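Read the structure below first, then the notes.
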Amino acid sequence: MTCLPSKVPSPEAIDIPALREKYRIEKDKRVRKDGQAQYVHLGEGKTQDQAVDPYTPVAPRAPVDEELDVLVLGAGWGGILASYHLVQNGTTGIRNIDTAGDFGGVWYWNQYPGVQCDNDAYCYLPLLEEMGYLPSKKFADGAEIQAYARSIADRFGFADKALLHTQATSFRWDEGQRRWIVTTNRGDTLRPRFVVMAPGVLNMPKLPSIKGIDLFNGKLFHTSRWDYGYTGGSFTNPVLDKLADKRVAIVGTGATAIQTVPRLANHAKHLYVIQRTPSTVDERPNPPTNPDWAASLQPGWQQQRIANFHRGAQELYQPGEEDLICDIWTEINRNLAAEIAAEGRELTMEEFMERREVMDFQVMERLRARCDELVNDPATADALKPWYHHMCKRPLSSNDYYPAFNRPNVSLIDVSDTLGIQELTAKGFIANGAEHEVDCVIFASGFEVTSDLDRRWGIPQFEGADGLSIYDHWRDGPLTFHGVTTHGFPNMAFIGYIQGGVNSSVTEQFGKQGEHAAWIFSECLRRGISRVEPTQESQDDYVRTFAAIKPDISALQSRCPPGYFNNEGEANPKWALFPGWGYGWDNFDAMMADWRATGDMAGMELSA
């Protein structure tokens, strides 16, 4: 079925200067002076420490003391894909370590009711052709995604080697052994030749630092540590029947809350939804995978779809290219491509970006109108409207979120004027000067995504050559060669949003980084190379080039309300997810492939 442009108001029907001013006002009222310091880790009040797993009992085991070829920190997508590529390169002496009780990363921890993929699962789930698998629907359920992640580890033989429920406590480079010395909270001492750091971007839960959090007498938990013993139901059958006599508050209205609120609304005696900044929420058509479509797929279909998604979400479509994804992520470029094709002329990049901004206003006006169409109370509908540019926050979709506010047992509490909840009391919470008594407070407050490295990793000691701390080395942001390795930390590779190419499908990006790291380390093992790191010169050259060609999006970042995209309101966050390599994803991917194809590891210092 051909994907058509969406119906949006014409540019003449909206007052763009007035919208710009409205965006500025709404952004300014939400900025806090404390930035990332407004959040704390789990363990505050009656919340359990982030290492506590409510889903899987910790199995006792003896400490492991061994040498190995490659240690992969992480058992989420980054770790899984790095291990997959290591195995494909013939390197099997590997172990994954992770604090979770199974593979899956955030898809292990996020077992909250209603959890689904919020972008196209046919792109998001990696290795579909290699695994001979198709998701059951466009936005696959969390349980299906976690099971699929585990199945990759099983298929390629690294699942049973993993050390799960294991937290790394130190990394230290030993120059004499030319190995990393890694210790854990389970008493392990691991001595890998090489290390892949794949902790993920959604691995460290955060809580708002709220006055009185230690005083509240009710139940507190984070959505990534869902307590089904308290709410009733289970991950695969989330009937929250124990909430029938409970007054519940959920803090946050991001991606998690959009999926969870309808389930809570169906079961809680009363639900308070506490909102600082509303999300964009589009409709969510999610039919089962069409068997006729599945039968029609030709080899290479997934890479073609991923490339199409990336062009639609972040770059621009090729002339005549159809939008294969057809949802909120690609709407702006789809509409714009149709307009330009109808005009029959090419635009300069400056003209394209000007037109794209206008279409951004048009699409956001359509999304705000959905609030009036679906929410009965005008004041609630107004409070739910997002006043910012489309990509200031993650685009979301739900057919049930807005209608939940029409229920008599659901109240929206907008706390934008007070920059969040004012405090917790023994009986509930205070917002806008009024106390609301509740039995349970659930934090849908997300993860440490773009905050400082030591906040996100939680590893106390991390020392490379000559005792250099990674936290000092990258104090002002990443310094890398190709976004994967860094001088001073030999035999180590990093997976994440770290000074490299950025793809709209995070699993494609992490997979390519894992492929690159696996090739380097497997080649070193084959060639008898015991030490590899970028030279200072090659790293400096790459960093200069990256900075010189990186698109400047500081003006957009400064217009966005605070969130993890801009590290709570910064114009130039040092760990920003976007932008990446300035010449685009395809150019970066080809550059990396060419570098590997030459085989000489140019820019690396190699020691036999």
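The values are calculated or read from the model by the stated rules, or taken from the named source; none is laboratory data. Treat the numbers as computed from the prediction; the structure is a model and nothing was measured. Methodologically, a virtual Cβ is constructed for each residue, glycine included, from the backbone with ideal geometry; neighbour enumeration extends over all protein chains shown. All accessible areas refer to the heavy atoms of the entire protein, side chains included, with ligands and DNA or RNA removed. Shrake-Rupley method; radii C 1.70, N 1.55, O 1.52, S 1.80 Å.
At a Förster distance of 45 Å, what's the computed FRET efficiency of VAL358 paired with ARG596, Cβ-Cβ distance as r, to 0.05?
Numbers: r = 42 Å, r/R0 = 0.92.
So the FRET efficiency works out to roughly 0.60.
Using 0.36 nm times the number of residues separating ILE16 and GLU437, minus their current alpha carbon distance, what extension gain do you get? Mind dumping the intermediate values first?
Values: separation 421, 0.36 × 421 = 151.56 nm, distance 4.19 nm.
Residue separation times 0.36 nm, minus the Cα-Cα distance, leaves 147.4 nm.
When the Cα positions of ALA434, SER445, PRO386 are compared along the charge dipole of region 353-455, PRO386 comes out farthest toward the positive end, with charges on each C-beta of Lys, Arg, Asp and Glu. Which shape class applies to the chain: rounded if a/c is under 1.5, otherwise prolate when a/b exceeds b/c and oblate if not, where a ≥ b ≥ c are the square roots of the Cα gyration tensor eigenvalues? It is oblate, given that a/c is not under 1.5 and a/b is not larger than b/c.
Counting other Cβ atoms within 10 Å of each Cβ, which trypsin sites (Lys or Arg not before Pro) in region 11-51 have at most 15 and sit in a DSSP loop?
Passing both the DSSP loop test and the Cβ count: LYS29, ARG32, LYS33, LYS46.
Which whole-number percentage describes the relative contact order of region 12-118, with Cα contacts under 8 Å and a sequence gap of 6 or more? In percent, rounded to a whole number, it is 21. Taking every full run of DSSP H in the chain, none both stretches at least 15 Å from end to end by Cα along its long axis and averages 1.6 or higher on the Kyte-Doolittle scale.
Indicate the gyration tensor shape class of region 326-478 (rounded, prolate or oblate), computed on the Cα atoms with a ≥ b ≥ c the square roots of the eigenvalues: a/c under 1.5 is rounded; otherwise a/b larger than b/c is prolate and the rest oblate. Because a/c hits 1.5 or more and a/b fails to exceed b/c, region 326-478 counts as oblate. For region 219-284 versus region 493-558, the spacing of their alpha-carbon centroids is 38 Å.
Relative contact order (percent) for the chain, with alpha-carbon contacts under 8 angstrom and 6 or more residues of separation?
Details: 1178 pairs, mean separation 122.7, N = 608.
Rounded, it is 20 percent for the chain.
Assign one of three labels to region 113-264, namely rounded, prolate or oblate, based on the Cα gyration tensor with a ≥ b ≥ c the square roots of its eigenvalues; rounded applies when a/c is under 1.5, prolate when it is not and a/b is larger than b/c, and oblate otherwise.
On the way: a/c = 2.46, a/b = 1.34, b/c = 1.83.
Oblate, since a/c reaches 1.5 and b/c is not below a/b.
By the beta carbon rule, with partners counted only under 4.7 Å, the chain holds these lone Cys residues: CYS117, CYS123, CYS371, CYS440, CYS524.
Our coupling estimate for region 469-484, obtained by passing each phi through the Karplus curve with A = 6.51, B = -1.76, C = 1.60 and θ = phi - 60°, is 7, 4, 6, 7, 4, 10, 4, 9, x, x, 10, 9, 10, 6, x, 10 Hz, Gly and Pro reported as x. Taking every DSSP helix (H) stretch of at least 4 residues in the chain, weighting each as -39,500 (n - 2.57) and dividing the sum by the residue count yields a mean residue ellipticity at 222 nm of -9500 deg cm²/dmol. Placing pseudo-labels 7 Å out from each Cα toward the beta carbon at LEU215 and ALA338 gives an inter-label distance of 5.5 nm. For LYS27, a cut-off of 26 angstrom between C-alpha atoms picks up these lysines, skipping any fewer than 8 places away in its own chain: LYS206, LYS211, LYS385, LYS393, LYS550, LYS574.
Of the residues LEU202, HIS516, GLY232, the one whose Cα sits farthest towards the positive end of the charge dipole of the chain is GLY232 (charges of +1 on Lys and Arg Cβ, -1 on Asp and Glu Cβ, taken about the Cα centre). Solvent-accessible area per residue in the chain equals 40 Å², computed with a 1.4 angstrom probe and all protein chains kept.
ASP118: net charge of surrounding residues, Cβ under 15 Å, Lys/Arg +1, Asp/Glu -1, itself excluded? Once all neighbours under 15 Å are counted, the net charge is -3.
Note on SER554: accessible area is roughly 30 Å² with a 1.4 Å probe, heavy atoms of protein only.
Taking every alpha-carbon pair under 8 Å whose residues sit at least 6 apart, region 507-582 reaches a relative contact order of 21 percent.
Taking a straight line from the alpha carbon of LYS269, these lysines sit under 17 Å away, with near neighbours fewer than eight places off in the same chain left out: LYS219, LYS242, LYS246, LYS427.
Between region 325-394 and region 446-466, what is the C-alpha centre distance in whole Å? Measuring centre to centre over Cα atoms gives 36 Å.
For LYS22, a cut-off of 14 angstrom between C-alpha atoms picks up these aspartates and glutamates, skipping any fewer than 8 places away in its own chain: GLU365, ASP382.
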